[in-house]
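To start, the structure itself, in structure tokens.
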């Protein structure tokens, strides 16, 4: 059984070595533990540090695509490199690497397909009260949409078995954390969570330059993802609110009409009609969006089958480079990994 720990990176030369130092190289119940770094278009020495620290595999994106894209690229590469279990962690050393065994334990016991590390955000010292509240709100919304009980849905410290990873298809360009949990809840993926430790803060977040930015972007992401996966509920709730307001305004007009003063309140009748028409349109949009959501599920299942075919054919990982170009210590598991290694060696020979 092979475990690959993947680390999405963007300009992490200062933090990457410390992050890697905490990660295990051996694990009970696992035959091989390998590291994979996804370089998301870094302009610093992130790749050089990764190679110096003995990273086995590197996925090197040409330019910065964002965290969600880097996560998906890593997931695809890990599968093509023969991973049975994939652990994702952040490069800023936010999560305690010593908790990797705890994270994968439910998968090794066959109790779960996907395990999310619970940071217990209320105990994290550098989290502001606003951030904690939004974390709780976002997690509650995602739990409702996914029918799971994950308390910390924005945690990036998580583990997937092979079947769960094959089914993950991230659409969002901003965050993968919320969307993958909702996807898992909608598919044949058993989701669990375990408490994990966090390390002291090493730097400010690059995803959120300020608390207000964090609140705004996460609120938009939560609404967008929830609308994608529960469109009928979202649009019908909005339609019901407008319909209720229209009914109140019509009731006001009816009151004045019965008392003989209706001629002076014609605006209420018109406004109520406009709001009622808008409510009907929202309800119709909800039905259309629900049909589109069903089509998206079918497309996702098609992509899952395409991925399985690629894995059977041994298609090589995209943008792949072996971690060590000189000593030959990297493992070449699988036909795709072997071809990728061979092509990289050919390129290096041409450069020489």
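The values are calculated or read from the model by the stated rules, or taken from the named source; none is laboratory data. In this text, all values refer to a predicted model and were calculated from it rather than measured experimentally. No Cβ is skipped: glycine too gets one built from the backbone with ideal geometry, and neighbour counts run over all protein chains shown.
What to note about this one:
- When residue 114 is tested against (1) buried (at least 23 other Cβ atoms within 10 Å of the Cβ); (2) modelled with pLDDT under 90; (3) closer than 29 Å to residue 18 by Cβ, just one condition goes unmet, and that condition is (2).
- Those residues of region 227-263 which are over 30 Å from residue 297 (Cβ atoms), touching a helix residue (DSSP H, G or I) at 6+ places or on another chain (Cβ under 7 Å) and modelled with pLDDT under 90, in sequence order: 252, 253, 256, 262
- Where residue 52 falls short, out of the listed (1) in contact with a strand residue (DSSP E or B) (Cβ under 7 Å, 6 or more places away or on another chain); (2) modelled with pLDDT under 95; (3) at negative phi: (1)
- Matching strands (runs of 3 or more DSSP E) fully within region 101-197 where at least 2 residues are in contact with a strand residue (DSSP E or B) (Cβ under 8 Å, 6 or more places away or on another chain), assigned by TED's automatic domain parsing to the domain that holds residue 222 and under 14 Å from residue 88 (Cα atoms): 114-118, 158-161
- In the condition set (1) buried (at least 19 other Cβ atoms within 10 Å of the Cβ); (2) modelled with pLDDT under 90; (3) out of contact with any helix residue (DSSP H, G or I) (no Cβ under 6 Å at 6 or more places or on another chain), residue 160 is compliant with all but (2).
- Residues of region 268-276 include none that is under 30 Å from residue 140 (Cβ atoms), free of Cβ contacts under 8 Å to residues at least 24 places away in the same chain and not assigned by TED's automatic domain parsing to the domain that holds residue 178.
- Residue list for region 305-323, filter: touching a residue at least 40 places away in the same chain (Cβ under 8 Å), part of a helix (DSSP H, G or I) and surrounded by fewer than 15 Cβ atoms within 10 Å (Cβ to Cβ): 308
- When we screen 202, 175, 154 for residues that are touching a helix residue (DSSP H, G or I) at 6+ places or on another chain (Cβ under 7 Å) and modelled with pLDDT under 80, the only hit is 175.
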